[in-house]
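**Q** Here's a structure for you.
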There are 2 protein chains.
Amino acid sequence: MGTALNALKLLDFFSASRPEIGLSQLARLAGANKATVLRHLRSMEDFGLIEQNPMTKFYAIGPAAIRLAALREAANPRLDAARLRMQTAMQEVGESLHLSFLEKDILQTALVVETTKHTVRVSLDPTEVMPINATASGLSMLCYGPPALKSQMNTDQLQGFTKETLTDPDQIRAQIETIRRRGWSNSNGSYELGVHGFAAPIFGIDRVAIGTVAFAMPENRATDNRKPAILIALHTLAKDLTAIFGGQIPDSFPPAFHP
Amino acid sequence: MGTALNALKLLDFFSASRPEIGLSQLARLAGANKATVLRHLRSMEDFGLIEQNPMTKFYAIGPAAIRLAALREAANPRLDAARLRMQTAMQEVGESLHLSFLEKDILQTALVVETTKHTVRVSLDPTEVMPINATASGLSMLCYGPPALKSQMNTDQLQGFTKETLTDPDQIRAQIETIRRRGWSNSNGSYELGVHGFAAPIFGIDRVAIGTVAFAMPENRATDNRKPAILIALHTLAKDLTAIFGGQIPDSFPPAFHP
DNA sequence: TTAACGCGGTTCATTTATTGAACCAACTTT
DNA sequence: AAAGTTGGTTCAATAAATGAACCGCGTTAA
């Protein structure tokens, strides 16, 4: 029961690491008859959800996926869903947070949710670019983003913002190693003195970070006894945002954040 | 025959202007039985391609569309398809072209295809930002992009690059009116002296421009007798790129470009 | 050289899920 | 209060999905 669903379920066998599949292999994967799978594929090909490479005869996701996503995005923008999710995180933790995305090779702020629980808050310009070496978000991106970013760090001159800013590539590489173990990153006055940040990556479909979320708060509120709650909220938040943006969390990513 | 296809075809009734549809209305639109439509919707809802608003009971495109598009994009990036299409346009016309997208409120170059037919060519930095008042692409975007761009033009100071640059908002508004009639825009040395550009918009799903394509050539090759061929190539190119990026051309857009 | 095996795709009798008219119950409009 | 919506259900009739066997082709192994 549910022929259409059976057809759609075939799409789940495609992934970033297995972007195209042959008829027999797909039938094997789905545990279904080749004739059945073929008819389903043909139906979806008619609609454009599936595309067959005429040379290799392999099947892949078709262009209709783009159309539908554009439609979904117009009616239900991912940024709106992200804002909603971030607002509940703000309620839980009580601190401001911001969402950034890697565009070309700079980390652009896309969304800022300010805390309503404190009158003293970190104010963030939504048009600001996050320096990659001076913010928790930037370090997270260096750790989990495209490897090209890291190599680029060597050639570019790193800007210092405060006396805390990391400007030595070797220092940063060491920091990245601890981030890779923990999953989360933090910064303490490295961009603006007195501001503490906690960031986590948001992954794309290929399990490479496409952006980051971060909590930002005055140093005096970043106490050790608040840290566990912040980290728990940050972890589930990063997981949910990754889902909202259609991404996949790599297997190597920690299943929980620990101080 | 093709139940899965019939189910998928329901998705085509959703659009930017009709993002959610009730059961009865969708059955009427599709000319199918309510029971049939309901079962199809439930199948697709299971998969996540459809989402029902629990309050209004209306149906809309679901989050799986985002996932699938991310998959498609990873395996078959739209920029690659765009580059291919632009390369054939370059072969047809023999001139360099570039593709730009509106990001936040600046026009970022995303792709440059240089001509292989001339040794004298306009060289474009792929990281460059297109000034909105000084390039054919910028004017096209002002005309067909988000209305907010136009109102912003009044508050910001417009930069002059050459003696040809338009810096008076009233002048630009007049120019936009002729672009709206023609569909295409051009520039003659307004960014760099001696460079002539022809641009057309690329539309999003909501029929608002999300980017532009433009041919750029030395002034002396922008002759009247080459213009018709350039404009024909530009029109089909803009149409194809709009399709590649999942957009829709507005009904009011000219079906052909005339000098 | 040949046999075995894999592939994508087809065929067709059997079966099973799809279909659609009629029908609810709950609202709105007239 | 009657008539028309709506979303959703039921079930007998039927049309479409299914799967084992098969085909032709190319690759691999004997």
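The values are calculated or read from the model by the stated rules, or taken from the named source; none is laboratory data. Since the structure is predicted, the reported quantities are computational estimates derived from the model, not experimental observations. Virtual Cβ from ideal backbone geometry, glycine too; neighbours counted across all protein chains shown. These accessible areas exclude ligands, DNA and RNA; they are computed on the full protein's heavy atoms, side chains included. Shrake-Rupley method; radii C 1.70, N 1.55, O 1.52, S 1.80 Å.
**Q** Only one of these is at pLDDT below 95 and either out of contact with any Leu (no Cβ under 6 Å at 6 or more places or on another chain) or away from chain B (no Cβ under 14 Å) (or both): A:Thr242, A:Thr165. Name it. Outline the logic, then answer.
**A** Details: A:Thr242 fails: at pLDDT below 95.
Result of the check over A:Thr242, A:Thr165: A:Thr165.
**Q** List the number of the failed condition for A:Glu95; all other conditions in (1) away from every other protein chain (no Cβ under 13 Å); (2) surrounded by fewer than 17 Cβ atoms within 10 Å (Cβ to Cβ) hold.
**A** Every condition holds for A:Glu95 apart from (2).
**Q** Can we say A:Leu68 is at the interface with another protein chain (Cβ under 7 Å from one of its Cβ atoms) and modelled with pLDDT of 95 or more? Give the steps one after another, and end with the answer.
**A** Working: at the interface with another protein chain (Cβ under 7 Å from one of its Cβ atoms): yes; modelled with pLDDT of 95 or more: yes.
Yes; evaluated as a whole, the condition is true for this residue.
**Q** Return the only residue of B:Glu73, B:Glu20 being within 26 Å of A:Ser15 (Cβ to Cβ) and more than 8 Å from DNA strand D (Cβ to nearest atom). Please lay out each step first, then the result.
**A** On the way: B:Glu20 fails: within 26 Å of A:Ser15 (Cβ to Cβ).
The match here is B:Glu73.
**Q** Taking the condition assigned to a loop (DSSP other than H, G, I, E, B), closer than 12 Å to B:Ser140 by Cβ, away from every other protein chain (no Cβ under 14 Å) and in contact (Cβ under 8 Å) with a residue 12 or more places away in the chain, does B:Phe253 pass? Before the answer, list the steps.
**A** Working: assigned to a loop (DSSP other than H, G, I, E, B): yes; closer than 12 Å to B:Ser140 by Cβ: yes; away from every other protein chain (no Cβ under 14 Å): yes; in contact (Cβ under 8 Å) with a residue 12 or more places away in the chain: yes.
Yes: the conditions hold for B:Phe253.
**Q** Oh, and also: Restricting attention to the stretch A:79-86, does a residue exist that is modelled with pLDDT under 95 and away from chain B (no Cβ under 13 Å)?
**A** Within the stretch A:79-86, the first condition is being modelled with pLDDT under 95, and the residues that meet it are none.
No: zero hits.
**Q** Evaluate the following for B:Glu45: is it among the acidic types (Asp, Glu) and more than 30 Å from A:Ala7 (Cβ to Cβ)? Before you say what the answer is, go through the steps one by one.
**A** Details: among the acidic types (Asp, Glu): yes; more than 30 Å from A:Ala7 (Cβ to Cβ): no.
Answer is no for this residue.
**Q** Sticking with this one: How many residues, within the stretch B:38-47, are touching a residue at least 12 places away in the same chain (Cβ under 8 Å) and either within 8 Å of DNA strand C (Cβ to nearest atom) or within 9 Å of chain A (Cβ to nearest Cβ) (or both)?
**A** 4
**Q** Is it true that A:Arg28 is within 9 Å of DNA strand C (Cβ to nearest atom), surrounded by fewer than 18 Cβ atoms within 10 Å (Cβ to Cβ), without any contact (Cβ under 8 Å) to a residue 60 or more places away in the chain and closer than 12 Å to B:Thr3 by Cα?
**A** no
**Q** Condition first: over 23 Å from the mean Cα position of the chain (by Cα) and open to solvent by less than 70 Å² (accessible area, probe 1.4 Å). Can you find one or more residues in the stretch B:230-252 that meet it? Can you show your working first?
**A** Residues of the stretch B:230-252 that are over 23 Å from the mean Cα position of the chain (by Cα), as a first pass: none.
For the stretch B:230-252, residues over 23 Å from the mean Cα position of the chain (by Cα) and open to solvent by less than 70 Å² (accessible area, probe 1.4 Å): absent.
**Q** Can you work out which of the residues in the stretch B:48-59 that are more than 21 Å from A:Ala64 (Cβ to Cβ) and within 11 Å of another protein chain (Cβ to nearest Cβ) is surrounded by the fewest Cβ atoms within 10 Å (Cβ to Cβ)?
**A** Out of the qualifying residues, it is B:Asn53.
**Q** Now for a separate question. Could we say that A:Ile66 is β-branched (Val, Ile, Thr), within 16 Å of DNA strand C (Cβ to nearest atom) and closer than 30 Å to B:Ile202 by Cβ here?
**A** Numbers: β-branched (Val, Ile, Thr): yes; within 16 Å of DNA strand C (Cβ to nearest atom): no; closer than 30 Å to B:Ile202 by Cβ: yes.
Here the answer is no, as A:Ile66 does not meet what is asked.
**Q** Applying the selection to the stretch A:1-19, what residues are among the hydrophobic types (A, V, I, L, M, F, W, C) and facing another protein chain (nearest Cβ under 7 Å)? Quick ask: steps written out before the conclusion?
**A** We begin by selecting, within the stretch A:1-19, every residue among the hydrophobic types (A, V, I, L, M, F, W, C); these are A:1, A:4-5, A:7-8, A:10-11, A:13-14, A:16.
Matches in the stretch A:1-19: A:Ala4, A:Leu5, A:Ala7, A:Leu8, A:Leu11, A:Phe14, A:Ala16.
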